[in-house]
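> Here it is: the structure, laid out below.
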Amino acid sequence: MPASTSGAVINWAGVALVAGWAGVALVAGWAGVALAAGWAGVALAAGWAGVALAAGWAGVALAAGWAGVALAAGWAGVALAAGWAGVALAA
């Protein structure tokens, strides 16, 4: 009887040990899920930052494009004024 009881005690200790490790593995598993989710969040944030950066550069290119249009229009205006001055000079 004591041997059986002793066996039962050892068995329960083993069960508790296994359950303990299972708990550690479970916690570690959830920590891994949280870590993976965290990295996914970082990647998502970085992705949105990339979208914002790309949009920013597109805005710079657009602004530069409009500046180029204005510059070209300005030179056309200079050429036009010079042309009229030439007409006036000839007259």
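Yes/no matrix, rows are residues, columns are (1) surrounded by 10 or more Cβ atoms within 10 Å (Cβ to Cβ); (2) at pLDDT 80 or above; (3) assigned to a helix (DSSP H, G or I):
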| residue | (1), (2), (3) |
| --- | --- |
| THR5 | no, no, yes |
| ALA8 | yes, no, yes |
| LEU26 | yes, yes, yes |
| GLY32 | yes, yes, yes |
| LEU62 | yes, yes, yes |
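> Being in a helix (DSSP H, G or I) and within 46 Å of the chain's Cα centre (by Cα) narrows it down to one of VAL78, VAL42, so name that one.
Just one listed residue meets the conditions, VAL42.
The values are calculated or read from the model by the stated rules, or taken from the named source; none is laboratory data. Just so it is clear, the model here is predicted, and its values are computed rather than measured. Because the Cβ atoms are built from the backbone with ideal geometry, glycine has one as well, and the counts that use them run over all protein chains shown.
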